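Engineer: I'd like to ask some things about the structure below.
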Amino acid sequence: MTRAIMNGCNGKMGQCITGICAQDEDIEIVAGIDTYDGIKNDYPVFASLKECTVDADVIIDFSNAKAVDALLAYGVEKQIPIVLCTTGLSEQQLADVEKAYEKVAILKSANMSLGINTLMELLKKAAQVFAPAGFDMEIVEKHHNQKLDAPSGTALALADSMNEALDEAYTYTYDRSQKRKKRDKYEIGLSSVRGGNIVGEHEVIFAGQDEVIEFKHTAYSKAVFAKGAVEAAKFLKGKSAGHYDMADVIAAK
Ligand SMILES: NC(=O)C1=CN([C@@H]2O[C@H](COP(=O)(O)OP(=O)(O)OC[C@H]3O[C@@H](n4cnc5c(N)ncnc54)[C@H](O)[C@@H]3O)[C@@H](O)[C@H]2O)C=CC1
Ligand SMILES: O=C(O)C1=N[C@H](C(=O)O)C[C@H](O)C1
């Protein structure tokens, strides 16, 4: 049995995970953390991690970038592994996560779905074939109108995956409106659409001379992310300090 603290328990993802864990005898949410207290849960809810008095094996985090500093500090101090799913972290926070890997087990992933994590691997190969052949790489992501960060963490992770396979030679372009010049060969464009209740779409476009290859992932429900996070939490219980990702969870299955 894995005992989990749910950081951001009263948000959309927190509630989706609450529902999934209630049906799974191998994991229990033993406490929730949220600054919003308008939802009744079957576990105790605290307004901050520092007020939490409940012991746990792992913290699952789907909250807000502003909550991540306290999350890292708590995980390191209490030696509780963290499944870090919140996106939109600042450069400083990303550096802090790198340092925290030395002190506690952290699985950080901008997208917990099997589809996106498999796509990241496929894109490495595709980028190595198409980029040297002169294809331009563009990513278009679409999400609901409540999303705070842009581009999505997933779009950045997909771009990072391609860039890593291309010796980090590419820069990212998020906005062309002020540029008034042609796109550079060594750039990956990232565009964001926000509207309605779109769960999450990511389209990676390789555009060449007279031919275009597109890879597309569509999430039809938040459950794909929630199920991945629950599997990640079970995987991370008892792990020693270090940097883990969803590829480790998928490989362990
Ligand atoms: N890695 C992945 O697969 C996925 C990541 N996400 C990311 O997860 C995050 C949350 O997404 P949603 O649940 O859709 O957002 P949401 O806005 O519905 O929920 C966030 C919850 O965090 C709470 N919160 C805010 N500040 C807090 C603090 N200091 N401590 C504890 N709780 C706090 C809010 O009150 C809210 O209930 C976002 O950054 C989103 O991009 C979302 C879906 C999938
Ligand atoms: O905010 C969301 O909803 C999502 N956020 C993640 C991201 O920023 O990539 C993952 C998923 O696409 C849903």
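The values are calculated or read from the model by the stated rules, or taken from the named source; none is laboratory data. Model, not experiment: these values are computed from the prediction. Cβ coordinates were reconstructed from backbone atoms using ideal geometry, including for glycine residues, and neighbour counts include every protein chain displayed. Heavy atoms of the whole protein, side chains included, go into the accessibility calculation; ligands, DNA and RNA do not. Shrake-Rupley method; radii C 1.70, N 1.55, O 1.52, S 1.80 Å.
Engineer: Starting from the eigenvalues of the Cα gyration tensor, five times each then square-rooted, give me the equivalent ellipsoid semi-axes of the chain, largest first, whole Å.
Structural biologist: Its equivalent ellipsoid spans semi-axes of 34, 18, 17 Å.
Engineer: For the range 86-152, give the percent of accessible area contributed by carbon and sulfur heavy atoms, probe 1.4 Å, rounded to a whole number.
Structural biologist: Using a 1.4 Å probe with all protein chains present, the range 86-152 comes out at 53 percent carbon and sulfur.
Engineer: Once ligands and nucleic acids are excluded and a 1.4 Å probe is used, how much of residue 191 is accessible, expressed in Å² to the nearest 10?
Structural biologist: Roll a 1.4 Å probe over it and residue 191 shows about 50 Å².
Engineer: OK, next. Which value, in Å² and to the nearest 10, is the accessible area of residue 210 when all protein chains are kept and the probe is 1.4 Å?
Structural biologist: The accessible area of residue 210 comes to roughly 150 Å².
Engineer: Hey, another quick one. Count the DSSP beta bridges whose two residues both fall in the chain, then state the antiparallel fraction as a percent rounded to the nearest 5.
Structural biologist: Here the antiparallel bridges make up roughly 35 percent for the chain.
Engineer: Further question on the same structure: Report, in debye and to the nearest 20, how large the dipole of the chain comes out about its Cα centre when Lys and Arg carry +1 and Asp and Glu carry -1 on their Cβ.
Structural biologist: Using only the charged Cβ atoms, the result is roughly 460 debye.
Engineer: Another question about this same structure. DSSP loop (so not H, G, I, E, B), at most 14 other Cβ within 10 Å: list which GluC sites (Glu not before Pro) in the range 78-135 pass both filters.
Structural biologist: Counting only loop positions with at most 14 other Cβ atoms within 10 Å, the GluC sites (Glu not before Pro) in the range 78-135 are 102.
Engineer: Work out the FRET efficiency for residue 51 and residue 79 from their Cβ-Cβ distance, taking R0 = 25 Å, and round it to the nearest 0.05.
Structural biologist: Here the calculated transfer efficiency is 0.85.
Engineer: In square angstrom, rounded to the nearest 10, how much accessible surface does residue 26 have for a 1.4 Å probe?
Structural biologist: 80 Å²
Engineer: Here is a further query. How about the range 140-189: which GluC sites (Glu not before Pro) there lie in a loop by DSSP and see at most 14 other Cβ atoms within 10 Å?
Structural biologist: Passing both the DSSP loop test and the Cβ count: 168.
Engineer: At a 1.4 Å probe radius, which order do 24, 61 fall into by accessible area, largest first?
Structural biologist: From most exposed to least exposed: 24, 61.
Engineer: Please give me the summed charge of the neighbours of residue 141: other residues whose Cβ is under 9 Å from its Cβ, Lys and Arg +1, Asp and Glu -1.
Structural biologist: Neighbourhood net charge equals -1.
Engineer: Still on this structure, I have one more. With +1 assigned to the C-beta of every Lys and Arg and -1 to the C-beta of every Asp and Glu, and no other charges, what is the dipole magnitude of the range 1-140 about the Cα centre in debye, to the nearest 20?
Structural biologist: The dipole magnitude comes to about 220 debye.
Engineer: Exactly which trypsin sites (Lys or Arg not before Pro) in the range 8-94 are in a DSSP loop and have at most 11 other Cβ atoms within 10 Å?
Structural biologist: 40
Engineer: Another question about this same structure. Measure out, as a whole number of angstrom, how far apart the alpha-carbon centroids of the range 156-205 and the range 31-61 sit.
Structural biologist: So the separation of the two Cα centres works out to 36 Å.
Engineer: If you count only protein heavy atoms with a 1.4 Å probe, what accessible area per residue comes out for the chain, rounded to a whole Å²?
Structural biologist: Heavy-atom accessible area per residue stands at 52 Å².
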